[in-house]
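Just below is one structure, and these are the notes that go with it.
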Protein chains: 2
Amino acid sequence: MAPLNVALVGVGKIARDQHIPAIAANPGLTLAATASRNASVEGVDAYPDLAALLAAREDIDVVSLCTPPQVRHADARLALEAGRHVMLEKPPGATLAEVHDLIALAAARGVTLFATWHSRQAHAVEATRGWLADKTIRKVEVIWKEDVRRWHPGQEWIWDAGGLGVFDPGINALSVLTAIFPRPLHITRADLTFPGNRDTPIAADLTFSDPGGADVTAVFDWRQEGPQTWDVRLTTDAGSAVLSSGGALLHVDGVETAVGQDREYPGLYARLLDLVGTDTSETDLSPMVHVADAFTLGRRLTTDAFHF
Amino acid sequence: MAPLNVALVGVGKIARDQHIPAIAANPGLTLAATASRNASVEGVDAYPDLAALLAAREDIDVVSLCTPPQVRHADARLALEAGRHVMLEKPPGATLAEVHDLIALAAARGVTLFATWHSRQAHAVEATRGWLADKTIRKVEVIWKEDVRRWHPGQEWIWDAGGLGVFDPGINALSVLTAIFPRPLHITRADLTFPGNRDTPIAADLTFSDPGGADVTAVFDWRQEGPQTWDVRLTTDAGSAVLSSGGALLHVDGVETAVGQDREYPGLYARLLDLVGTDTSETDLSPMVHVADAFTLGRRLTTDAFHF
């Protein structure tokens, strides 16, 4: 098969840090065009918007959307209507209903829709799922604490309604939790802490109900200076484990059992090739459902205003 | 077929106003038991909770849940695990994830799960759907304004996290909108107004995106004294119409075209008999998805404290 031609929409931080290197490293893919109002990639044809790109470039097979979730649906619809495969950064949209619309449209057009969760590709996630599978789980503590100024410098959209606030990293934690936990969970309590001047929360405490009886909680906080924490602590009837560094490392009873290089975005683009090659879509929305449930169910607390 | 034995869980306002008369009026159903901490129905066996009821009464075919949504999932699960059919008042739960769990469990047990939307049974809803079906829709204005003190006197749970606030009536409007509108919609903007002392909103303004290009909005307000408004105003290329009184009346170009007696809950229980008779479930969650999307996407405004 000739390499697939990929167009990137939205040439911002995540595109430069992750998507462009991952596409460049995959011999099955070529970065053939970009669409962005005010950025471009050296040596790659640039268009001011996706409509212009699609009209000019029949050779584009896949449109990969890295724009903020609030504006992603219109572009995804354009690309699907034009018969192109579509890959969505996380979260796959600002609302569940708009993603349901995209799922139906991709099915109707017979093209691939891939709602990605990059953290699920982290090195030790699969090993952790396997380790948990045959154990009685007593307790799961998800702890995701980072410094928003360090990881999202100046990104105003993340604080706007629909930008999810601390659930932007938190949804990564939820994508890992839903990948490793053997049963569906649902949220029974959520405390959401909003800066007085922002539409989205800076911190969240979640309690889940597990039909199997495990005690499952998550805490997200964007005010963590110094060392950063992206851990899932697991207690079972047969030992305990910590999945740390956002899913990259697994320690079982204190012993390092899985460690490897970061391959999250290379893993996503490899999966994209599989999906296109087998005419299938992958659109698990469970992390996004938990976020919507947290907002619906949440107690709202107010804290100090946030300024970059 | 012998009448189905129905057990009601939660003997509160909605049970007395609607469920008990509707069951009594249907020859295919018998109200055979109730479960409630502190209420009962004269002449009907009463149990303190559903677990006791299920253990004592193998003859109960259907469990109809009228308890607040925050506590409904555990009882629904008990009933489904015991192999009984389950009917859920709206909204079907406090979270989408918990309803997904019930849908999977009902399918695994081979019993009927019916997530009801009583407003869809209102007299003129089906006529309005038919009237819209062959027209180009330009504008839809949903206006749902009522006095919370009149309709929810002293109901504290409705103001608690998970109780939905003004979306408790608003979800009725959304159940009508999703029934009559010919395409899936998604919310693009939501302004939610919270009383300073409450976890749920007293008012909401919603803007939807329609792939077909119609201008669709909804306004919900719980501060309406005097005349109450439950209207959907429709403008098309071939005339305009108003669906009013919560779906009971349809006027087309000013002329009354559909009017009839209230049959919402009798309609739900007739539908329950159809579903059980054909071994099927009905679990359209689209009204609840829009509510979750509104909370996720919403701008939060604060207004005066609310006291009954």
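On full extension of the chain, what length is gained from B:Arg37 through B:Val71, given 0.36 nm per residue of separation minus the C-alpha to C-alpha distance? Can you show the working numbers first?
Numbers: separation 34, 0.36 × 34 = 12.24 nm, distance 1.31 nm.
Length difference between fully extended and current span is 10.9 nm.
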Column: log10 I(q)/I(0), Debye, Cα scatterers of segment B:4-115, q = 0.18, 0.23 Å⁻¹:
-0.83, -1.37
Percent of beta bridges antiparallel (DSSP, the protein assembly as shown, rounded to nearest 5):
50 percent
Whole-angstrom Cα spans of segment B:124-283 along principal axes, big to small
46, 40, 31
7 Å along Cα→Cβ for the label point: how many nanometres lie between B:Glu225 and each equivalent label in the other copies, listed shortest first?
5.1
If the label for B:Gly277 sits 7 angstrom from Cα along the Cα-to-Cβ line, what are its distances to the same label in every other copy, in nm to one decimal, shortest first?
5.3
Name the aspartates and glutamates eligible as straight-distance cross-link partners of A:Lys135: C-alpha to C-alpha under 18 Å, and not fewer than 8 places from it in the same chain.
A:Glu126, A:Asp210, A:Asp215, A:Asp237, A:Asp253
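Once a ≥ b ≥ c are taken as the square roots of the eigenvalues of the Cα gyration tensor of segment A:242-308, is the result rounded (a/c under 1.5), prolate (a/b larger than b/c) or oblate (a/b not larger than b/c)?
Judged from the Cα gyration tensor, segment A:242-308 comes out oblate (a/c at least 1.5, b/c at or above a/b).
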Amide H neighbours of B:Leu29 at under 5 Å, excluding residues fewer than 5 places away on the same chain, with H built from the backbone geometry, are B:Leu4
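Averaged across B:95-106, how many Cβ atoms of other chains sit within 10 Å of each residue's Cβ atom? Display every interim value, and only then the final one.
Details: counts 13, 11, 12, 9, 3, 4, 6, 1, 0, 1, 2, 0.
Other-chain Cβ atoms within 10 Å of each residue's Cβ, averaged: 5.
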Residue with peak Gaussian network fluctuation, chain A [Cα springs, cutoff 10 Å], from A:Gly162, A:Gly260, A:Gly12
A:Gly260
Would you mind pulling out the separation of the Cα centroids of segment B:113-151 and segment A:22-95, in Å?
38 Å
A correct Karplus calculation of ³J(HN,Hα) over segment B:161-168, with 6.51 cos²θ - 1.76 cosθ + 1.60, θ = phi - 60°, whole Hz and x for Gly and Pro, returns 3, x, x, 6, x, 5, 6, 5
Chain A: relative contact order from alpha carbon pairs under 8 Å, six or more residues apart, as a whole percent, is 19 percent
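About its Cα centre, how strong a charge dipole does the protein assembly as shown have in debye, to the nearest 20, once Lys and Arg get +1 and Asp and Glu get -1 at the Cβ?
300 debye
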Distance (nanometres) between label positions extended 7 Å along Cα→Cβ at B:Glu156 and A:Arg263:
5.6 nm
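What Kirkwood hydrodynamic radius do you get for chain A when you take the inverse of the mean 1/r over all pairs of distinct Cα atoms, in Å? Don't skip to the answer; put the middle values down first.
Details: mean 1/r = 0.0496 Å⁻¹.
Kirkwood hydrodynamic radius for chain A: 20.2 Å.
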Excluding residues fewer than 8 positions from B:Lys13 in its own chain, the lysines with Cα under 16 Å of it are B:Lys90
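Once you keep just the Cα pairs under 8 angstrom separated by 6 or more residues, what percentage relative contact order results for segment B:4-115?
Details: 200 pairs, mean separation 26.7, N = 112.
24 percent.
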Equivalent ellipsoid dimensions for the protein assembly as shown as semi-axes, Å, which come from the Cα gyration tensor, largest first
42, 31, 24
May I ask you to list the aspartates and glutamates whose Cα is less than 17 Å away from that of B:Lys145, ignoring any residue fewer than eight positions away on the same chain?
B:Asp168, B:Asp191, B:Asp205, B:Asp221, B:Glu225, B:Asp231
Among B:Gly43, B:Gly154, B:Gly170, which one shows the biggest mean-square fluctuation in a GNM of chain B, springs joining Cα atoms closer than 10 Å?
B:Gly43
The rounded separation in angstrom of the Cα centers of segment B:196-224 and segment A:247-308 is 31 Å
Using only Cα atoms, find the angle between the long axis of helix A:286-297 and the longest principal axis of chain A, and express it within 0 to 90 degrees, rounded to the nearest 10.
60 degrees
Take chain B, connect every pair of alpha-carbon atoms lying under 10 Å apart with a spring to form a Gaussian network, then pick out the residue of B:Val62, B:Val71, B:Val216 with the largest mean-square fluctuation.
B:Val71
Amide H of A:Asp147 versus every other amide H placed in the peptide plane: which residues, excluding those fewer than 5 positions away on the same chain, fall under 5 Å?
A:Gln224
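Using Cα-Cα distances under 8 Å and only pairs 6 or more residues apart, what relative contact order does segment A:232-308 have, in percent?
Details: 46 pairs, mean separation 9.2, N = 77.
It comes to 12 percent, rounded to a whole number.
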As a check on your grasp of the helix formula, calculate [θ] at 222 nm for chain B: sum -39500 (n - 2.57) over DSSP H runs of n ≥ 4, divide by the residue count, round to the nearest 500.
-8500 deg cm²/dmol
Nm distances between copies for A:Arg16, ranked from closest, using label points 7 Å along Cα→Cβ
6.7
Net charge over other residues, Cβ less than 11 angstrom from the Cβ of A:Leu185 (K, R count +1; D, E count -1)
-3
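A short reminder: the numbers here are calculations on the coordinates, not readings from a lab. If you're wondering where the values come from, they're calculated on a predicted model, not measured in any experiment. Reconstructed Cβ throughout: ideal geometry from the backbone, glycine too, with neighbour counts over all protein chains shown.
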